[in-house]
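A short write-up of the structure that comes next.
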Amino acid sequence: MNEKIEVKPRKALEVMKPYSPGKPIWEVQSEYGLQHVIKLASNENPLGPSPKAIEAIQIALKDLHRYPDNQSQLLKKTIADYYDLHADQVIVTNGGDELITLVAEAFLDAGDEIIVPGPTFSEYEFGAQLMGAKTIVVPLNDAFQYDAEAIVAAVTDRTKIIYLCSPNNPTGTYVAQKDLKYILDTIPKRIMVMLDTAYSHYVSEELYSDGMEFVRAGYPLIVLKTFSKIYGLAGIRVGYGAAPQKIIQSILQVKEPFNVNALAQTAAASAIGDEEHVLRSQALVAKERERMYASFDQLGIKYTQSMTNFVLAELGPESESIYMRLMAKGIIVRHGKTWGLPLHLRISIGMPEENDQFIAALSEILGSV
């Protein structure tokens, strides 16, 4: 048909940029004609999914003709029991990304403001743009650490939500418990804080808090968690939020029915109790992260100490060229321009042999730059 299409999208779409994930393995294989590709780009668990989750999925397959539980009641109760919460303080979502969007839809009006750290995960700003709200960026300091006083100082009469990613993606740094408490105690109670703790299981610092004690204490805080990272369930998309019941109830008003599929619900309910898988995953990341640091030290590469399963490294003006040359060798990482860090690469922790191949390839590239 040749008729001119006159349907116009919302004005918000003029500034919105869809999320850009790391390249999938199949795409790099096709583009470069490679058989073997290592993906160190999306912060996935290299050990794979929780074995308990796999077992639960296999049992549930026979019931795929049934709609899933609209409210994910079994999973909500399992999560609530795990964190000593009430079930009405939990919402289950199609990955953490859906929760971010639902929070924006439930709480933001056009003209409202949100505060985010910079650099950080892009989906917080995406949700604000969707609702016509304005994003105020409070930069992390030179060491990519949070400045709690600067965050509080950025609050205005229009501030509605403060987003804190802790540990932060892409820097791996975190908000200390005392700083989180300072922010919560200082800002007006009309402002909600969303604490994204997708990588909390990898944190070893005693000064850290995943925010759950503040939820239990009734602060206007929603904690985001996910089964995509340490539990290895990224492929079936299941996340959740914990907050006071009043906040959860508001979010439920905009939630789509049957938003989390039945396999995701049953897998997550089993995975959360898979302590062996969690401990193995934590041990692998802690050991391999230190090995990556040592390799970077030998190569003279600056990096940020991380409390996550990835490391942000500064490669300088040649970083994009290095990124492309690594990909040509079958190693996918993330280039930092996504976050306004054109000198950096973000590297996910893989299996030991994958990390060895990455370091060997990087060493060869740096030797020829």
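Would you point out which residue out of Lys246, Lys229, Lys255 is in a helix (DSSP H, G or I), of a type in the set (D, E, K, R) and in the same structural domain as Pro68 (by TED's automatic domain parsing)?
Only one candidate qualifies: Lys246.
Which ranges mark the helices (runs of 4 or more DSSP H) fully within the range 1-98 that have 2 or more residues being in the same structural domain as Tyr240 (by TED's automatic domain parsing) and within 26 Å of Tyr240 (Cβ to Cβ)?
Where helices (runs of 4 or more DSSP H) fall fully within the range 1-98 and carry at least 2 residues being in the same structural domain as Tyr240 (by TED's automatic domain parsing) and within 26 Å of Tyr240 (Cβ to Cβ), they are 51-60, 73-83.
Identify all residues within the range 221-237 that are under 17 Å from Ile91 (Cα atoms) and either among the small types (Gly, Ala, Ser) or surrounded by fewer than 19 Cβ atoms within 10 Å (Cβ to Cβ) (or both); write none if there are none.
Ser228
So the check is Cβ under 9 Å with 6+ separation or different chains; which pairs have a first residue in the range 203-230 that's free of Cβ contacts under 8 Å to residues at least 12 places away in the same chain and a second one that's surrounded by fewer than 19 Cβ atoms within 10 Å (Cβ to Cβ)?
Glu206/Gln177; Glu213/Gln177
Given the conditions (1) outside the structural domain of Ile59 (by TED's automatic domain parsing); (2) on the phi > 0 side of the Ramachandran plot, which single one is not true for Arg237?
Looking at each condition in turn, Arg237 falls short on (1).
Could you tell me whether the range 342-353 includes any residue that is buried (at least 18 other Cβ atoms within 10 Å of the Cβ), on the phi < 0 side of the Ramachandran plot, assigned to a helix (DSSP H, G or I) and in contact with a helix residue (DSSP H, G or I) (Cβ under 9 Å, 6 or more places away or on another chain)?
No, the range 342-353 has no match at all.
Taking the criterion of being closer than 18 Å to Ala104 by Cβ, touching a Cys at 6+ places or on another chain (Cβ under 6 Å) and of a type outside the set (Ser, Thr, Tyr), would at least one residue in the range 185-198 satisfy it?
There is at least one residue in the range 185-198 that is closer than 18 Å to Ala104 by Cβ, touching a Cys at 6+ places or on another chain (Cβ under 6 Å) and of a type outside the set (Ser, Thr, Tyr).
Among what's in the range 318-341 and is within 17 Å of Gly367 (Cβ to Cβ) and not hydroxyl-bearing (Ser, Thr, Tyr), pick the residue that is surrounded by the most Cβ atoms within 10 Å (Cβ to Cβ). Working first, answer last.
Step one: of the range 318-341, the residues within 17 Å of Gly367 (Cβ to Cβ) are 318-319, 321-326, 328-329, 331.
Subsequent filtering for residues that are not hydroxyl-bearing (Ser, Thr, Tyr) retains 318, 322, 324-326, 328-329, 331.
On the way: Glu318: 13, Ile322: 20, Met324: 12, Arg325: 18, Leu326: 22, Ala328: 14, Lys329: 18, Ile331: 27.
The qualifying residue surrounded by the most Cβ atoms within 10 Å (Cβ to Cβ) is Ile331.
Being out of contact with any Gly (no Cβ under 6 Å at 6 or more places or on another chain) and either closer than 30 Å to Arg10 by Cβ or touching a residue at least 40 places away in the same chain (Cβ under 8 Å) (or both) narrows it down to one residue among Ile91, Ile59, Ile100; which is it?
The match here is Ile59.
Filter the range 240-296 for residues that are surrounded by fewer than 14 Cβ atoms within 10 Å (Cβ to Cβ), within 18 Å of Tyr202 (Cα to Cα) and out of contact with any helix residue (DSSP H, G or I) (no Cβ under 9 Å at 6 or more places or on another chain) and give the result.
Those that are surrounded by fewer than 14 Cβ atoms within 10 Å (Cβ to Cβ), within 18 Å of Tyr202 (Cα to Cα) and out of contact with any helix residue (DSSP H, G or I) (no Cβ under 9 Å at 6 or more places or on another chain): Glu275, Leu279, Ala283, Glu290.
Among the numbered conditions (1) at pLDDT below 95; (2) more than 21 Å from Ser306 (Cβ to Cβ), tell me where Ser122 comes up short.
With respect to (1) at pLDDT below 95; (2) more than 21 Å from Ser306 (Cβ to Cβ), Ser122 is out only on (2).
Of the residues Glu125, Glu149, which is of a type in the set (D, E, K, R), out of contact with any Gly (no Cβ under 8 Å at 6 or more places or on another chain) and either crowded, with 22+ Cβ neighbours inside 10 Å or assigned by TED's automatic domain parsing to the domain that holds Ala286 (or both)? Show your work before the answer.
Numbers: Glu149 fails: either crowded, with 22+ Cβ neighbours inside 10 Å or assigned by TED's automatic domain parsing to the domain that holds Ala286 (or both).
Only one candidate passes the filter, namely Glu125.
Of these, Asp109, Asp179, Asp157, which one is of a type in the set (Asp, Glu), over 27 Å from Lys255 (Cβ atoms) and in a loop (DSSP other than H, G, I, E, B)?
Asp157
Here are Leu180, Leu130, Leu85, Leu184: which of them is more than 16 Å from the chain's Cα centre (by Cα) and at pLDDT below 95?
One residue alone meets the criteria, Leu130.
Which numbered condition in (1) closer than 26 Å to Glu105 by Cα; (2) touching a residue at least 40 places away in the same chain (Cβ under 8 Å) is the only one that Thr173 fails?
(1)
Could you figure out which of (1) touching a residue at least 24 places away in the same chain (Cβ under 8 Å); (2) surrounded by 17 or more Cβ atoms within 10 Å (Cβ to Cβ); (3) β-branched (Val, Ile, Thr) isn't true of Thr156?
(2)
So, Met307, is that one free of Cβ contacts under 8 Å to residues at least 12 places away in the same chain, under 22 Å from Pro21 (Cα atoms), surrounded by fewer than 22 Cβ atoms within 10 Å (Cβ to Cβ) and not aromatic (Phe, Trp, Tyr) or not?
It is false that Met307 is free of Cβ contacts under 8 Å to residues at least 12 places away in the same chain, under 22 Å from Pro21 (Cα atoms), surrounded by fewer than 22 Cβ atoms within 10 Å (Cβ to Cβ) and not aromatic (Phe, Trp, Tyr).
The values are calculated or read from the model by the stated rules, or taken from the named source; none is laboratory data. What you see is a predicted model; the values in this text were computed from it and never measured. No Cβ is skipped: glycine too gets one built from the backbone with ideal geometry, and neighbour counts run over all protein chains shown.
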